[in-house]
Amino acid sequence: MLSGTGCVRVSKVSDVEELKTRVGKLEQRAEAIESSIKVNERMAALEARLAELSRPAVAAPVAPLSSDPAAQTAAPATVPVAAPVAAVSAAAAHPERFGGEYRQGIGTDPPSLDPAQISDTTSHRVGLNIFEGLVEFKDEDLSVVPLLARSWEVSPDGRVYTFEIRPGVKFHTGREVTAEDFVYSFRRLLDPKTASVRAWLFDEVLGYPVFKAIQSARGQLKYQADGQYEKVEATRIEEAIRFLDAVDKEHLTRAEIPEPDKVLATIAKARGVLKQLADALAQGREAAKAVAVDAALMQELEAPKFEDYVKKGIAAPAPMTLRIELAKPFAPFLTVLAMPNAGVVPREEIEKWGDRFSEHPVGTGPFKFASWQHNVVVELEAFKDYFLGRPYLDKMRFRVIPDESVRLNEFEIGNLEHVNEVPDEKYETIKATKDYPGVLEECETLSTFYMGFNMTKKPFDDLRVRQAFSHAIDKHTILNVIRRGRGKVANGVLPPGMPAYNPELKASDYDKEKAIALLKEAGYEDRTKLGELEYWYNATSSNDPNARLAEVIQQNLLQIGVKVKLQTTDWSTYLKKVDRGELALFRMAWVADYPDPDNFLYILFHSKNRGEAGNYSMYNNPKVDELLERGRTTLGMADRVKIYQELEKQIVADSPWTFLYHSRQPFLRKPYVKGVVFTPLGNDAIRMRGAWLDQSQMKPGN
């Protein structure tokens with residue numbers, strides 16, 4: 001976690017509150033008053049929130065990573081217990097805070113409001129207020145604290161997590177949440193029928209690696225059996241063989257998978273055919289066509305049901321007890337459970353709406369879905385039966401306004417309460433204007449902006465070409481002129497403030513002569529041999545920062561004799577193109593879902609995540625894969641840091657991206673906006689349950 005304070009471990013204590021006051025000089029105390037004192041949850045939540053909500057909106061600082069390895073180490077066999085921060089527990093004390101409509105401007109329509117499908121910042125911004133999970137991130141330091149889980153216990157080997165579900169939590173439909181709802185929600189996320197791009201959250205659930213291995217093998221063998229030879233990929237076959245090799249009887253037995261010996265026999269048979277296919281492919285596509293796949297094997301690979309594999313891994317031994325068993329330790333597991341994708345959903349609503357659940361989302365959050373006029377507005381309204389008390393706001397409106405200049409104008413004339421983006425060209429003026437009708441805040445974010453290369457497409461399958469393009473880009477101009485210095489030039493994947501960030505890492509510098517020499521060495525002295533290149537980006541208008549960035553990149557590349565055509569489209573269409581690996585050269589950014597290096601490195605660079613799972617560059621390095629997997633299973637953060645710094649160095653050397661910058665994100669809020677906390681996870685990770693509007697400060701145009 002990100003913390004400038006120490007970390008106290010608490011063993012098997014129920015209902016312990018983390019007390020923290022914010023009165024006068026007491027605010028200077030370290031947050032080390034976590035203890036095993038049993039206190040009344042409601043009173044502690046009341047105290048904490050009374051102090052919290054009396055303060056104006058602020059940006060939570062980016063706390064440096066503690067240098068104490070003990071403060072960074074996963075803690076098996078502990079039970080962290082704390083009440084979540086109550087939204088309006090002090091309702092009687094502050095009746096004047098209730099009411100009002102909070103209006104935000106968003107640049108694009110959310111692609112999905114189904115937690116199983118949320119993978120972008122816009123959907124996250126809306127969904128975070130509808131759905132909740134077992135745990136959440138504490139605003140001040142991004143540590144993990146309980147939410148719908150009352151408490152939890154982790155086994156000494158880091159493989160079994162047992163959660164006690166908080167009683168009295170209701171879905172927006174009025175039904176109480178039980179452990180079975182989490183079982184359904186998590187299994188649904190994993191089920192291939194859901195096709196969730198966030199299934200990797202539960203990759204290590206006991207039994208699922210076996211199912212995934214069989215599915216991977218079946219996919220390639222089915223192409224072969226059906227005569228779709230063009231779809232058979234050597235890299236996917238190698239991947240399937242690796243997955244199958246990782247399966248053993250001990251795993252099958254632990255997972256209580258039916259007929260384990262029969263499953264092992266099927267795996268051995270499938271591996272044999274895959275190996276034949278891999279060897280034949282090495283000789284050529286025609287040789288591969290001769291490899292036969294019998295119908296009996298295909299039937300065996302289809303036999304076990306998905307539920308049979310994960311029934312032991314995700315289970316509810318009691319109505320309010322959830323048990324998750326992992327095949328092997330997964331160090332960031334608690335952290336990923338704070339992502340909106342791990343939000344609980346009611347089975348009956350999923351079955352009622354099917355694929356249209358995104359249009360009728362139901363969760364447990366402080367706000368419930370009201371309406372959605374696509375490309376115009378999404379409306380949420382206060383959930384009166386919210387377990388922490390009704391939120392102050394009556395309604396939230398997310399208005400789709402593509403042009404950021406129009407969004408800013410709407411804010412200035414009083415039609416929006418806050419905007420997440422400040423146009424680059426307006427930044428200095430706003431900052432210098434004393435009577436500006438808004439408060440400008442800034443927050444360092446855990447983010448990395450980059451230009452990506454699809455390493456499977458020419459000419460970017462050549463390291464020298466990727467290096468040449470990177471040397472051609474003037475990152476300092478992009479940051480200081482285009483982005484007005486709001487951030488830091490990137491020299492690697494991980495942003496400052498993230499565990500394992502390496503300030504000594506050095507990526508390609510701006511060097512046109514070196515870029516030209518590398519292209520010549522790669523056989524492109526005649527630049528026309530590069531073919532017709534396109535640089536793709538998403539933008540909502542010509543004034544979009546992505547559009548201005550694209551123009552700089554185009555000019556930089558032209559200076560080394562490379563012509564690129566700029567191509568743009570809306571965010572949803574763009575994301576689909578990137579997911580499918582259609583684009584050879586593209587812009588992208590990654591803002592942390594959870595504050596762990598695994599979130600950047602494993603998702604964006606493991607070979608099995610190529611495509612829609614996050615590895616848009618189609619990066620494939622077995623050495624990096626091995627280190628990434630080791631980083632996940634190592635529990636001590638000090639040891640994990642060494643692993644991640646080693647593998648990041650290799651990634652930088654392989655140049656799958658041009659690393660551009662890490663962002664400092666500005667945002668504007670009205671002076672009357674209170675109780676909103678912005679964190680290093682970005683302006684799209686704002687929980688609004690404690691937000692309120694100070695009516696005494698509201699006046700036309702402010």
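The values are calculated or read from the model by the stated rules, or taken from the named source; none is laboratory data. As the structure is a prediction and not an experimental result, all values here were calculated from the model. Neighbour counts run over all protein chains shown; Cβ positions are idealised from the backbone, glycine included.
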Where a residue in the range 394-412 is crowded, with 16+ Cβ neighbours inside 10 Å and its partner, wherever it lies, is assigned to a helix (DSSP H, G or I), with Cβ under 6 Å and at least six apart: PHE398/VAL126; ILE401/ARG407
Single residue of PRO666, PRO656 found to be farther than 17 Å from LEU505 by Cβ, surrounded by 21 or more Cβ atoms within 10 Å (Cβ to Cβ) and under 21 Å from the mean Cα position of the chain (by Cα): PRO666
Selection count, the range 466-510, where residues are over 29 Å from LYS520 (Cα atoms) and either among the hydroxyl-bearing types (Ser, Thr, Tyr) or assigned to a strand (DSSP E or B) (or both): 3
Checking GLU646 against (1) part of a helix (DSSP H, G or I); (2) buried (at least 22 other Cβ atoms within 10 Å of the Cβ); (3) of a type in the set (Asp, Glu), the condition it does not meet: (2)
Cβ-Cβ under 6 Å pairs, at least 6 apart or on other chains, the range 509-532 side more than 17 Å from ASP461 (Cα to Cα), far side in a helix (DSSP H, G or I): ASP511/HIS471; LYS514/HIS471
Qualifying residue in the range 545-562 (condition: part of a helix (DSSP H, G or I), surrounded by fewer than 16 Cβ atoms within 10 Å (Cβ to Cβ), assigned by TED's automatic domain parsing to the domain that holds ALA468 and among the charged types (D, E, K, R)): yes
Any hit, the range 417-429, residues being β-branched (Val, Ile, Thr), in contact with a strand residue (DSSP E or B) (Cβ under 8 Å, 6 or more places away or on another chain), modelled with pLDDT of 95 or more and over 22 Å from ASP694 (Cβ atoms): no
Residue tally, condition on the phi < 0 side of the Ramachandran plot and part of a loop (DSSP other than H, G, I, E, B), over the range 218-257: 9
Qualifying residue in the range 565-577 (condition: β-branched (Val, Ile, Thr) and assigned to a strand (DSSP E or B)): yes
When residues of the range 246-291 are limited to those that are closer than 17 Å to GLY219 by Cβ and charged (D, E, K, R), the one nearest to the chain's Cα centre (by Cα): ARG271
Criterion violated by SER196 - all others in (1) under 21 Å from GLY365 (Cβ atoms); (2) in a helix (DSSP H, G or I); (3) among the hydroxyl-bearing types (Ser, Thr, Tyr) satisfied: (2)
GLN559, sole failed condition from (1) farther than 30 Å from GLY631 by Cα; (2) at pLDDT 95 or above; (3) out of contact with any helix residue (DSSP H, G or I) (no Cβ under 8 Å at 6 or more places or on another chain): (3)
Residue in the range 471-484 that is modelled with pLDDT of 90 or more, within 26 Å of the chain's Cα centre (by Cα) and closer than 24 Å to GLY581 by Cβ present: no
Yes/no for SER119 being part of a loop (DSSP other than H, G, I, E, B), modelled with pLDDT of 95 or more, closer than 20 Å to LEU201 by Cα and under 15 Å from the mean Cα position of the chain (by Cα): no
Selection count, the range 188-216, where residues are among the β-branched types (Val, Ile, Thr) and at pLDDT below 90: 1
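Mind listing just one residue for me: the one in the range 485-508 that is basic (Lys, Arg) and either crowded, with 18+ Cβ neighbours inside 10 Å or touching a strand residue (DSSP E or B) at 6+ places or on another chain (Cβ under 8 Å) (or both) and, of those, nearest to ALA584 (Cα to Cα)?
LYS488
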Total residues in the range 356-389, condition over 21 Å from VAL169 (Cα atoms) and touching a Ser or Thr at 6+ places or on another chain (Cβ under 6 Å): 2
Qualifying strands (runs of 3 or more DSSP E) (wholly inside the range 126-189; at least 1 residues being of a type in the set (D, E, K, R) and in contact (Cβ under 8 Å) with a residue 60 or more places away in the chain): 135-137, 149-154, 160-165
Qualifying residue in the range 383-394 (condition: modelled with pLDDT of 95 or more and outside any loop (DSSP other than H, G, I, E, B)): no
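Table: residues versus (1) modelled with pLDDT under 90; (2) farther than 25 Å from ALA327 by Cα.
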| residue | (1), (2) |
| --- | --- |
| ALA234 | yes, yes |
| ASP245 | no, no |
| ILE257 | no, no |
| LYS262 | no, no |
| ARG271 | no, no |
| ASP279 | no, yes |
Residues of the range 194-234 classified as charged (D, E, K, R), without any contact (Cβ under 8 Å) to a residue 60 or more places away in the chain and surrounded by fewer than 18 Cβ atoms within 10 Å (Cβ to Cβ), total: 4
Candidates GLU442, GLU425, filtered to the one that is over 21 Å from LYS506 (Cβ atoms), over 27 Å from the mean Cα position of the chain (by Cα) and either not β-branched (Val, Ile, Thr) or not assigned by TED's automatic domain parsing to the domain that holds PHE586 (or both): GLU425
Among (1) crowded, with 23+ Cβ neighbours inside 10 Å; (2) at pLDDT 95 or above, the one test that PHE137 misses: (2)
Filter result (under 37 Å from the mean Cα position of the chain (by Cα) and loosely packed, with under 12 Cβ neighbours inside 10 Å) within the range 292-301: GLN299
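So that you can scan it fast, the table gives a plain yes or no per residue for (1) touching a Ser or Thr at 6+ places or on another chain (Cβ under 6 Å); (2) free of Cβ contacts under 8 Å to residues at least 24 places away in the same chain; (3) in a strand (DSSP E or B):
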residue: VAL652; (1), (2), (3): no, no, no
residue: TYR661; (1), (2), (3): no, no, yes
residue: PRO666; (1), (2), (3): no, no, yes
residue: PRO671; (1), (2), (3): no, no, no
residue: ASP684; (1), (2), (3): yes, no, no
residue: ARG689; (1), (2), (3): no, no, no
residue: LYS699; (1), (2), (3): no, yes, no
All positions within the range 416-434 that are loosely packed, with under 14 Cβ neighbours inside 10 Å and part of a loop (DSSP other than H, G, I, E, B): THR433, LYS434
